[in-house]
1. How much length is gained on full extension from residue 263 to residue 211, taking 0.36 nm per residue of separation minus their Cα-Cα distance?
2. In sequence order, what are the phi-derived ³J(HN,Hα) couplings for region 119-130 according to the Karplus relation 6.51 cos²θ - 1.76 cosθ + 1.60 with θ = phi - 60°, rounded to whole Hz, with x for glycine and proline?
3. Residue 355 versus residue 156, label points 7 Å from Cα toward the beta carbon: distance in nm?
4. For a Förster distance of 51 Å, can you work out the FRET efficiency between the beta-carbons of residue 199 and residue 74, rounded to the nearest 0.05?
5. Take the alpha-carbon centre of region 304-346, take the same for region 213-252, and report the distance between them in whole Å.
6. When ranked by the protection proxy of mean other Cβ atoms within 10 Å per residue, highest first, what sequence do the peptides 338-348, 295-305, 70-80, 214-224 form?
7. Kindly write out, for region 216-224 in residue order, the coupling ³J(HN,Hα) from the Karplus curve 6.51 cos²θ - 1.76 cosθ + 1.60 (θ = phi - 60°), rounded to whole Hz, with x marking Gly and Pro.
8. What are the equivalent ellipsoid semi-axes of region 282-362, built from the alpha-carbon gyration tensor (square roots of five times its eigenvalues), in whole angstrom, biggest first?
Amino acid sequence: MTIDKAEVILTSPDRNFVTLKITTADGLTGLGDATLNGRERAVVSYLADHVVPLLLGRDESRIEDTWQFLYRGAYWRRGPVTMAAIAAVDMALWDIKGKRAGMPVYQLLGGASRTGLLAYGHASGKDLPELFDSVRDHQEQGYRAIRIQTGVPGLKAVYGIASQASDAFGGEARYDHEPARRGSLPMEEDWDTRSYLRHLPGVFEAVRNEFGPELPLLHDGHHRMTPIEAAKLGKALEPYDLFWLEDCTPAENQEALRLVRRHTTTPLAIGEILNTVWDFKDLIREQLIDYVRGAVTHMGGISALKKTLDYAAMFQIKSGMHGPTDISPVGMAAAMHLGLAIHNFGIQEYMRHGAKTDSVFRQSFTWENGMLHPGDEPGLGVELDVDEAGKYPYEQAYLPYNRLADGTVHDW
Ligand code: KDG
Ligand code: MG
């Protein structure tokens, strides 16, 4: 069947989301997530101005051919805007293929390799008492693996730490939903790597003493360290048996990880800002990482991330797909179908979306005993309520950035 219509929907229920909705000549619809946090309109334009005209009249069933046509045919390859746009088309076509077959997408990818997906949530606190409360709160929500981020003495605002309660979550503190972070200009935070390196091992020691040795603990370094600093941190955290240390150094300098690897056995996760299998090629082949952090939404879709993860499987490297709230429920569903099907699933990041988001995107996934499952609806299992989406117009919003004490802009 041919593609009759492709619409780009920009909505901001609790935060901004870009969704592609493809409709076939016989009225089947498929959804794809193209959200690029803080740069949403760039993808809207890429899709609406350059991709939608190419989709009309194409055969809905030719997912791989459409992917190759959009990737190779444009001449300009890779990059987050291009790959988010291609991802949305790919996801929407898998959604349609599932609906056409009457099967959930994970069945089309080879069927379930497990009964559910272990997921981790984000605990944070400016100090230990707040952090412990947040860990307990996550355990009550069912999480069986938890990311730990804390404030650093002497620093006023550190990314990943909620500083105020969020209305979208009934008063729960959520850094990703603070109104202050949705202003028309990016919020400035501060940073000092030496203070962070001095402080963090003690935090993990305290968390282990309080919560015991079993709980899988993760930490995100947000690209802030030099190779030697990251090596030092990895080594210092070894006694606390981390599930992973994420983004310890900036993702552009991949050779840096050779040095980090030489010094520590703390598992490493990288890649939420990478976009293609080419970005992961050397990291995987040289076994410089343990987990692939790529998101379906930013890696060119289910087709492309599956190839990357299949390649990673040859080196015993597992998935750790990016799943913050800026991955829409459609992108999360795509991640869950892929995670359920592949053999080398590791863990899935999962931050709950807010109630308004759930009213715009009707979903069929389940969350039980710390495990996600995409459900058995045909396709991806997500439907978008266009009227509801229309109630929430786009709001300009930037990610924060940080400066050192002397005013230098720092990596994050
Ligand atoms: O869009 C960027 C955020 O989603 C990112 O900063 C969150 O690092 C993040 C994570 O690991 O979820
Ligand atoms: Mg991260």
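1. Details: separation 52, 0.36 × 52 = 18.72 nm, distance 2.73 nm.
Taking residue 263 through residue 211 to full extension adds about 16.0 nm, to one decimal.
2. So the Karplus estimates, Gly and Pro as x, are 10, 10, x, 9, 8, 8, x, 6, 9, 5, x, 5 Hz.
3. 3.3 nm
4. On the way: r = 46 Å, r/R0 = 0.90.
Efficiency for this residue pair is about 0.65.
5. Cα centroid of region 304-346 versus Cα centroid of region 213-252: 21 Å apart.
6. Values: 338-348: 22.4, 295-305: 28.6, 70-80: 12.9, 214-224: 19.9.
Final packing ranking: 295-305, 338-348, 214-224, 70-80.
7. Result, ordered by residue: x, 10, 10, 8, 10, x, 6, 6, 8 Hz.
8. Details: eigenvalues 129, 25, 20 Å².
Sorted largest first and rounded, they come to 25, 11, 10 Å.
The values are calculated or read from the model by the stated rules, or taken from the named source; none is laboratory data. Computed from a predicted model, the values in this text were never measured in an experiment. Reconstructed Cβ throughout: ideal geometry from the backbone, glycine too, with neighbour counts over all protein chains shown. With ligands, DNA and RNA removed, areas are computed over all heavy atoms of the protein, side chains included. Shrake-Rupley method; radii C 1.70, N 1.55, O 1.52, S 1.80 Å.
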